[in-house]
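Here, each number is a calculation from the coordinates, and none is a lab measurement. Everything quoted here is computed from the prediction, not taken from an experiment. Every residue, glycine among them, receives a Cβ derived from its backbone with ideal geometry; neighbour counts consider all protein chains shown.
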Ligand code: C2O
Ligand code: CU
Ligand code: CU
């Protein structure tokens, strides 16, 4: 990272790399900078970050900063491509893209070989992530490795005395499936995978793997002191949901003290025994290992898994140590307080299966994604309430803004709905209301299901802020 004129500059090359994920074998992946997950970008609130992405992959890509309060030009619209270097000229690629179903008018396809994405970072401290977002191909690109963290820090958070340094652990949880040589299996490309136990048969419901990775390592064991740790959890899986719990050797469940949600710190901590996390959601947690004897273990488990997908990772307790950290009762005072009467309008959206291009697709309001259609137009600064309803499980994500959950299933929000979010896990048959204010920038943004396969199969819509 270099700082030029008050802007932090990063350069990221997207390239193929063979990475040792399973012991003794190399997995060919698509990477940011040759690593998986990609390099973590560390940003300061109020100080812009520019990331120059160079595409050396064999396909066009799009970079989206998930949770970023970003201008539309840098938000990574699905047809706003970074072309592979030296392989195609822009005109050729535009025509090629036009032949693909759903790519629409080639004049709408913006292409570049490298490009700068600029993030104003005028937003609360939190953990975001960046990932590929190319139209119709986001899910396989993320599966192959195009995802990384982007953390924003500020003084408010640093003054709290939360566990820090090596006691702050970002945990990127994903699932993947591998063949015998370590290659990634992606069911839509590998129909033979159907016989494999633990791997879901069809692409339709979203692709699951039978190996759980944390920060790119299968079921890692991490050594910790017997003190409080801050676990910053991202579910970067394409489609797998987890319900996390931390269990000691003698079967005791440790409290998961939630201090933050997708879009930053909560007003105050919320204690959970277990915590559901849908694709793209983040939780900022503090777990206290002080009651666990040295040599003991705490397993992070997934209550929704079975067999080996029930295990996520483990912490091995090394020794007792001094713990200067604390979790103050008041964490943040800068949360928005939008209330129902503030809303200029209420909108309804259904997230359901339906027919598209003559086949099966996933639709919002009965329609598959079309980059040429504006689904929602709103005015900069307006507060809106969105009522969402799902047929099956759909994690609904809005670009640009954070929102508050007003209700779920006709009742008060659940404890894990606290704080400011950008992704809401709608459970099968469930409805929910969210409230947000469209601030910052005008332009074309998106909202979509973050089951990555659902997104590729049409469950995405345009949001125009005027
Ligand atoms: Cu995490 Cu539109 O995406
Ligand atoms: Cu996003
Ligand atoms: Cu979905």
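For region 263-316, the gyration tensor built on C-alpha atoms gives an oblate shape. Its axis ratio a/c (a ≥ b ≥ c) is at least 1.5, and a/b is not larger than b/c. Placing pseudo-labels 7 Å out from each Cα toward the beta carbon at residue 323 and residue 253 gives an inter-label distance of 2.0 nm. The Kirkwood radius of the chain, taken over pairs of alpha-carbon atoms, gives through the Stokes-Einstein law at 10 °C and 1.306 mPa s a diffusion coefficient of 70 µm² s⁻¹. Taking every C-alpha pair closer than 8 Å and separated by at least 6 residues, the mean separation divided by the residue count of the chain gives a relative contact order of 14 percent.
Summary value for region 165-317: 26 percent relative contact order, contacts being C-alpha pairs under 8 angstrom separated by 6+ residues. Looking at region 1-51 alone, DSSP beta bridges between its own residues are antiparallel in about 75 percent of cases.
Restricting attention to region 340-465, close to 75% of DSSP beta bridges with both partner residues there are antiparallel.
Arranged from fewest to most other beta-carbon atoms within 10 Å of their beta carbon, 166, 382 become 166, 382.
Averaging the sequence gap over all C-alpha pairs within less than 8 Å and six or more residues apart, then dividing by the number of residues, gives region 334-414 a relative contact order of 32 percent. Taking the DSSP beta bridges with both ends in the chain, the antiparallel portion is around 75 percent.
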